[in-house]
1. Which residues, taken from the stretch 51-65, are open to solvent by 50 Å² or more (accessible area, probe 1.4 Å) and either in a loop (DSSP other than H, G, I, E, B) or within 21 Å of Arg123 (Cβ to Cβ) (or both)?
2. Confirm whether Gly81 is modelled with pLDDT under 95, surrounded by fewer than 19 Cβ atoms within 10 Å (Cβ to Cβ) and outside any strand (DSSP E or B).
3. Can you confirm whether the stretch 87-107 contains a residue that is more than 13 Å from the ligand (Cβ to nearest atom), in contact with an Asp or Glu (Cβ under 9 Å, 6 or more places away or on another chain) and in a helix (DSSP H, G or I)?
4. Here is a list of conditions, (1) part of a helix (DSSP H, G or I); (2) within 9 Å of the ligand (Cβ to nearest atom); (3) closer than 17 Å to Thr242 by Cβ; (4) within 19 Å of the chain's Cα centre (by Cα), and Ala226 meets all of them except one; can you say which number that is?
5. Of all residues in the stretch 203-223 being in a strand (DSSP E or B) and β-branched (Val, Ile, Thr), which is nearest to Ala126 (Cα to Cα)?
6. Kindly indicate the residue of the stretch 126-160 that is polar (S, T, N, Q) and in a loop (DSSP other than H, G, I, E, B) and also nearest to Ala244 (Cα to Cα) among those meeting that condition.
7. Could you check the stretch 108-125 and list, in sequence order, the residues that are more than 16 Å from the chain's Cα centre (by Cα), in contact (Cβ under 8 Å) with a residue 24 or more places away in the chain and not in a strand (DSSP E or B)?
8. Conditions first: (1) free of Cβ contacts under 8 Å to residues at least 40 places away in the same chain; (2) assigned to a loop (DSSP other than H, G, I, E, B); (3) open to solvent by 50 Å² or more (accessible area, probe 1.4 Å). Gly38 passes all but one, so which condition is the exception?
Amino acid sequence: MSVPLLVSGSANRALAEALAQQLGQRLAAASVSPFPDGELEVRLEEDVRERDVFVVQPTTAPVGERLLELALWVDAARRSGARRVTAVIPYFGYARQDRRESGKEPLGARVVADLLTAAGVHRVLAVDLHSTAVEACFRAPLTQVSAVEALAAKLGRGERRVVVSPDLGGVKLAERYAQLLDAPVAVVHKHRLSATEVAAAAVVGEVRGRSPVVVDDMLSTGGTMAAAVQALQNAGCHPNITLAVTHGLFVGPAVERLSKLPLRRVLTTDTVPTPAGVALPLEVVSVAPVLAAAVRQLSA
Ligand code: R5P
């Protein structure tokens, strides 16, 4: 087994440190700073020759910059003689652009994959990808791990629950939670009105008097969750409402929107830094253990 060398990008150092701790390692000495004109200077401050390098960088906002920084780290490690370079992308941005709706848009997920491939990435490790189609965008092997089991364990036991998918695309994910929580599934029909606005039409499944656990891979502006909660209330659910998402981006109006909802618990993970001091009943589960297990396996 080779000893993994962890490099943290600037997007989520806390998670990289938690991962290093799980592995009994330290983070490699490395620095990133902007040049005066806005370009990024990334620099490995130690020898990575023949090492199995893992660069930890979720592609959170500003997404383009995080992504380019990741590509620069991969290139730096490869050109410095690393034996293998794995991009650990706890949250993989552009995964929602996994197909062309009208034939006039790019295949964003493929463009991201091509950028990382061109930089020389050997492998990718990601958590709960929005779409499994992302794997097909890479020539390099992609390993996906999941936070669902850890989130379900944190949810614990509950009376008369129903696991709810806020849209049709999330039904498989809801079924995984439902199996772990031993609860039935319901689905909300969602129509996206704009990038931040969502309307929910009908709820399919029995939710009356039940405590909903609304699950999704990600929460961005909160529009999807707000619409789902409204639809569930209209359908007579119990007011004990919980949200569980792997990637809590909380962008734009999300916190304000969600703080107006009668939420008992909001569970998410540390794939991206979570907002501090917000008026939400937030509970954060770390993905460091599940990533550490994957890193151990990949460097065996
Ligand atoms: C979409 O299919 C995803 O699974 C999420 O439902 C969506 O990205 C959430 O976005 P927002 O919070 O902005 O509604």
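1. Arg51, Ala61, Pro62 - these are the residues of the stretch 51-65 that are open to solvent by 50 Å² or more (accessible area, probe 1.4 Å) and either in a loop (DSSP other than H, G, I, E, B) or within 21 Å of Arg123 (Cβ to Cβ) (or both).
2. It is false that Gly81 is modelled with pLDDT under 95, surrounded by fewer than 19 Cβ atoms within 10 Å (Cβ to Cβ) and outside any strand (DSSP E or B).
3. Filtering the stretch 87-107 down to residues more than 13 Å from the ligand (Cβ to nearest atom) leaves 87-90, 100, 102-107.
When the remaining residues are screened for being in contact with an Asp or Glu (Cβ under 9 Å, 6 or more places away or on another chain), the result is 90, 107.
Narrowing further to those that are in a helix (DSSP H, G or I): none.
Within the stretch 87-107, not a single residue is more than 13 Å from the ligand (Cβ to nearest atom), in contact with an Asp or Glu (Cβ under 9 Å, 6 or more places away or on another chain) and in a helix (DSSP H, G or I).
4. Ala226 satisfies all of (1) part of a helix (DSSP H, G or I); (2) within 9 Å of the ligand (Cβ to nearest atom); (3) closer than 17 Å to Thr242 by Cβ; (4) within 19 Å of the chain's Cα centre (by Cα) except (4).
5. Taking the stretch 203-223 first, the residues in a strand (DSSP E or B) are 203-204, 211-219.
Now narrow it down to the ones that are β-branched (Val, Ile, Thr): 203-204, 213-215.
Values: Val203: 31, Val204: 31, Val213: 24, Val214: 23, Val215: 19 Å.
Of everything passing the filter in the stretch 203-223, Val215 is nearest to Ala126 (Cα to Cα).
6. Ser146
7. If the condition is that a residue be more than 16 Å from the chain's Cα centre (by Cα), in contact (Cβ under 8 Å) with a residue 24 or more places away in the chain and not in a strand (DSSP E or B), then Arg110, Ala113, Leu115, Leu116, Ala118, Ala119, Gly120, Val121, His122 are the ones that fit.
8. Gly38 satisfies all of (1) free of Cβ contacts under 8 Å to residues at least 40 places away in the same chain; (2) assigned to a loop (DSSP other than H, G, I, E, B); (3) open to solvent by 50 Å² or more (accessible area, probe 1.4 Å) except (3).
The values are calculated or read from the model by the stated rules, or taken from the named source; none is laboratory data. This structure is a prediction, so every number in the text was calculated from the model and none was measured. When we count neighbours, we look across all protein chains shown, and the Cβ atoms used for this are built from the backbone with ideal geometry, even at glycine. When the accessible area is computed, the model is the full protein with side chains, heavy atoms only, and any ligands, DNA or RNA have been set aside. Shrake-Rupley method; radii C 1.70, N 1.55, O 1.52, S 1.80 Å.
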